[in-house]
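Q: Okay, handing you the structure first.
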Amino acid sequence: MWTRRSAILGTAAMAIVTWVGLPAAQAPPYDLLLRNARIVDGTGSPWYRGDIGIRGDTIARVAPSIDAPAARTIDAGGQVVAPGFIDIHTHAARGIFQIPTADNYVRQGVTTLIEGPDGSSPVPLAPFLAKLEALQKSVNIGTFIGQGSVRSVVVGELDRKPTSGELEKMLALVEQGMQDGAFGLSTGLFYVPGTFTPTDEVVQLAKVAGRFGGIHISHMRDETSRVLDSVNETIAIGERGGLPTQVTHHKIIGRPNWGKSIETLQAVDEARARGIDVTIDAYPYTASSTSIQGALFPAWAQEGGRKQVLARLGEPATRTKIKAEIVRVIQNERGGGDPKNIVVAACDWDSTLAGKNLSEITRIRRLEPTVDDAAEAAMWIVERGGCQGIFHAIGEEDLERILRHPATMIASDGEIPTFGVSSPHPRSYGTFARVLGVYARERGIITLPDAVRKMTAFPAQRLGLVDRGLVRPGMKADLVVFDPARVRDQATFEKPHQYAEGFSHVITNGQVVFEGGTMTAARPGAVLYGAGRQIRLRSPSFGDVSP
Ligand SMILES: [Zn+2]
């Protein structure tokens with residue numbers, strides 16, 4: 001009673017089967033049927049063979065074989081079908097409104113992006129979330145509320161304690177952020193003004209986020225010589241704040257500090273053994289990326305904002321002090337011991353600098369490529385308006401040790417670049433594919449099902465997304481189809497604008513957003529909200545509700 005128009009294209013290729021000729025009165029039971037899949041379901045269990053029936057935006061049935069008709073059938077040809085990947089640390093606001101298809105993410109299987117990391121988010125969140133709601137997009141998106149941004153609004157970029165009135169204001173802004181739908185409080189205690197925030201103050205704000213079911217996620221105060229202290233601080237914020245806490249993009253920066261992940265992971269294990277809910281996320285690269293100023297300048301030199309930074313650089317004695325600090329950071333920390341290890345990713349005021357390292361830029365400035373002169377070049381960059389940088393200063397052994405840890409999930413810390421423009425960190429294009437191709441398949445650091453767990457069920461559980469992250473009936477149909485033998489990242493530091501390979505289909509909320517090597521016209525992405533929004537909607541006068 002129904003016929004198939006199918007093409008058998010071999011094992012790796014997709015056969016697309018279209019159902020035709022069903023009587024109008026009898027609606028097809030499935031909108032989309034994925035057949036012949038090796039299902040890696042997100043739990044970490046080994047794959048099993050099965051079919052997946054989707055109705056609307058939801059997985060309706062998973063079974064060894066589903067013979068019912070469907071509006072559309074995709075033959076997975078024995079490839080892996082996994083839940084769509086959930087990226088808990090992104091800077092997606094950099095690009096989502098320009099490129100709402102988020103091609104760099106979708107083409108490596110990511111269907112959910114979480115914004116607002118590193119203590120940085122819009123304040124208040126509601127207008128940002130409303131703008132995202134209005135946007136036709138291929139991916140789901142949600143956000144944290146940023147502690148640094150909250151402090152910036154209330155106290156400014158200043159190194160001082162807040163007055164009690166200011167503290168009340170900050171607590172209220174975090175509460176508002178949680179009620180607007182944030183997934184928790186992010187901190188960036190490394191950055192200005194997060195770095196001026198005492199732990200006690202963070203704990204008070206974290207308690208508010210915890211009351212609304214949120215988590216705390218931290219770009220830590222120090223990822224170099226005092227990284228262990230910082231991990232302990234992150235743990236303490238969770239313990240004293242009474243909420244789950246996460247070391248985000250965990251890494252050990254600076255050659256003299258390599259190996260410290262042994263101690264930091266031990267601290268995490270001990271805390272977990274005591275019942276502290278602490279977890280980790282990481283990206284699979286030995287270089288970090290942030291602004292040249294944020295990475296190389298001491299915090300005191302950045303207090304008060306750009307005007308004051310420039311004033312300090314114009315004052316010879318202060319400039320000498322700043323330079324000495326930059327020299328130290330190039331030698332022992334973010335600079336990886338050599339100005340060559342600092343590469344400009346993007347520069348608003350001179351696009352030709354993108355891709356050049358600090359040694360080359362020092363020469364362009366007609367200086368010698370010594371650490372001393374490189375520090376001069378770094379100050380010149382900041383004076384001209386600053387650039388985004390890439391910093392090669394992470395050891396491979398630490399990276400692998402962190403990735404392997406059972407409490408580590410995968411997150412990119414990336415953005416949505418305009419294809420071909422500037423020289424961004426390849427993590428935006430390759431994080432998830434690289435873990436699957438290099439760290440799971442080639443090096444066997446983790447298994448494929450564990451890699452998928454770290455990208456799906458684990459971050460979903462962390463965010464409280466109870467309806468995503470697993471291939472299971474009742475779950476939202478965010479799904480990715482890839483060839484486990486071919487999946488790989490293509491983006492490199494030299495040529496970052498290259499999409500990942502090996503993915504044949506990406507499905508968001510039941511609709512195919514990527515297939516046949518191209519993005520489709522579908523824009524089914526949703527804005528996702530934390531539990532606090534439900535609490536607000538249930539009880540506008542929050543106070544007597546215990547979430
Ligand atoms: Zn960060």
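Q: Would you compute, from DSSP H runs of 4+ residues alone, the mean residue ellipticity of the chain at 222 nm, taking -39500 (n - 2.57) per run and dividing by the full residue count, rounded to the nearest 500?
A: My calculation for the chain gives -9000 deg cm²/dmol from helical runs alone.
Q: Looking only at the chain, where both bridge partners belong to it, what percent of the DSSP beta bridges are antiparallel (to the nearest 5)?
A: Of all bridge pairs located within the chain, approximately 60 percent are antiparallel.
Q: While we're on this one: Go from 0 up to the bin containing the longest alpha carbon distance in the range 154-300, width 10 Å each, and give me the % of pairs per bin.
A: So the P(r) values, bin by bin, are 11, 39, 35, 13, 1.
Q: Another question, then. According to a simple spin-label model (label point 7 Å from Cα along Cα-to-Cβ), what is the distance in nm between residue 262 and residue 400?
A: So the two model labels end up 1.5 nm from each other.
Q: As a footprinting exposure proxy, order 435, 527, 62 by other Cβ within 10 Å, with the fewest listed first.
A: 527, 62, 435
Q: Quick check: the angle from helix 199-211's long axis to the longest principal axis of the chain, C-alpha only, nearest 10 degrees?
A: Roughly 20 degrees, rounded to the nearest 10.
Q: A further question follows. Please sort by residue number the GluC sites (Glu not before Pro) in the range 494-534 whose DSSP state is loop and whose Cβ has at most 15 other Cβ atoms within 10 Å.
A: Working: sites: 494, 501, 515; in loops: 494.
Qualifying residues, ordered by number: 494.
Q: Residue 493's amide H: which non-local residues (gap 5+, or another chain) put their own amide H closer than 5 Å, with H modeled 1.01 Å from N in plane and none for Pro or chain starts?
A: When sequence neighbours closer than 5 places are left aside, there are no close amide H contacts.
Q: Fewest to most neighbouring Cβ within 10 Å: what's the order for 138, 504, 291? Provide the component values of the computation, followed by the final result.
A: On the way: 138 25, 504 20, 291 17.
Starting with the residue having the fewest Cβ neighbours, the order is 291, 504, 138.
Q: Give me, ordered by chain and number, the residues 5 or more places off residue 189 or on other chains with an amide H under 5 Å from its own placed amide H.
A: Amide H neighbours of residue 189, under 5 Å, 5+ apart: 219, 221.
Q: Give me the base-10 log of I(q)/I(0) for the range 420-471 at each q in 0.12, 0.16, 0.27, 0.31 Å⁻¹, Debye formula, one uniform scatterer per Cα, rounded to two decimals.
A: Normalising to I(0) and taking log10 leaves -0.36, -0.58, -0.95, -1.06.
Q: Once you wrap a convex hull around the alpha carbon atoms of the range 372-470, what is its projected area averaged over all directions, in nm²?
A: 9.2 nm²
Q: Related question: Take the Cα atoms of the range 262-412, build their convex hull, and give its volume per residue in Å³. Working shown, then result.
A: Details: hull volume 20.1 nm³, N = 151.
So the per-residue hull volume is 133 Å³.
Q: Can I ask one more? How are the C-alpha pair distances of the range 55-161 spread across 5 Å bins, as whole percents from the shortest bin up?
A: The percentages, shortest bin first, are 2, 9, 17, 16, 14, 12, 10, 8, 5, 3, 2, 1, 1, 0.
Q: Amide H of residue 395 versus every other amide H placed in the peptide plane: which residues, excluding those fewer than 5 positions away on the same chain, fall under 5 Å?
A: 252
Q: Ok, one more. Taking the Cβ-Cβ separation of residue 352 and residue 418 as r and a Förster radius of 22 Å, what is the calculated FRET efficiency to the nearest 0.05? All intermediate terms of the calculation are to be shown ahead of the outcome.
A: On the way: r = 17 Å, r/R0 = 0.76.
Computed FRET efficiency for residue 352 and residue 418 comes out at 0.85.
Q: Over all directions, average the projected area of the Cα convex hull of the chain and note it in nm². Could you put the intermediate results ahead of the total?
A: Values: hull surface 103.5 nm².
Its average projected convex-hull area is 25.9 nm².
Q: Now for a different question. Modelling each spin label as a point 7 Å along the Cα-to-Cβ direction, I'd like the residue 308/residue 167 distance in nm, to one decimal.
A: 2.2 nm
Q: Out of the range 339-428, which trypsin sites (Lys or Arg not before Pro) are coil in DSSP terms and have no more than 12 other C-beta atoms within 10 Å?
A: Here the sparse-neighbourhood loop sites are 366.
Q: Something else: On average, how much area does the Cα convex hull of the range 231-324 cover when viewed from any direction, in nm²?
A: Computed as one quarter of the Cα hull surface, the answer is 8.1 nm².
Q: Which of 88, 446 has the fewest other C-beta atoms within 10 Å, and how do the rest follow up to the most?
A: Neighbour counts put them in this order, fewest first: 446, 88.
Q: What does the convex hull of the Cα atoms come to per residue for the range 292-350, in Å³?
A: It comes to 96 Å³ per residue, whole-number rounded.
Just so you know, all these numbers are worked out from the coordinates, no wet-lab data involved. Since the structure is predicted, the reported quantities are computational estimates derived from the model, not experimental observations. No Cβ is skipped: glycine too gets one built from the backbone with ideal geometry, and neighbour counts run over all protein chains shown.
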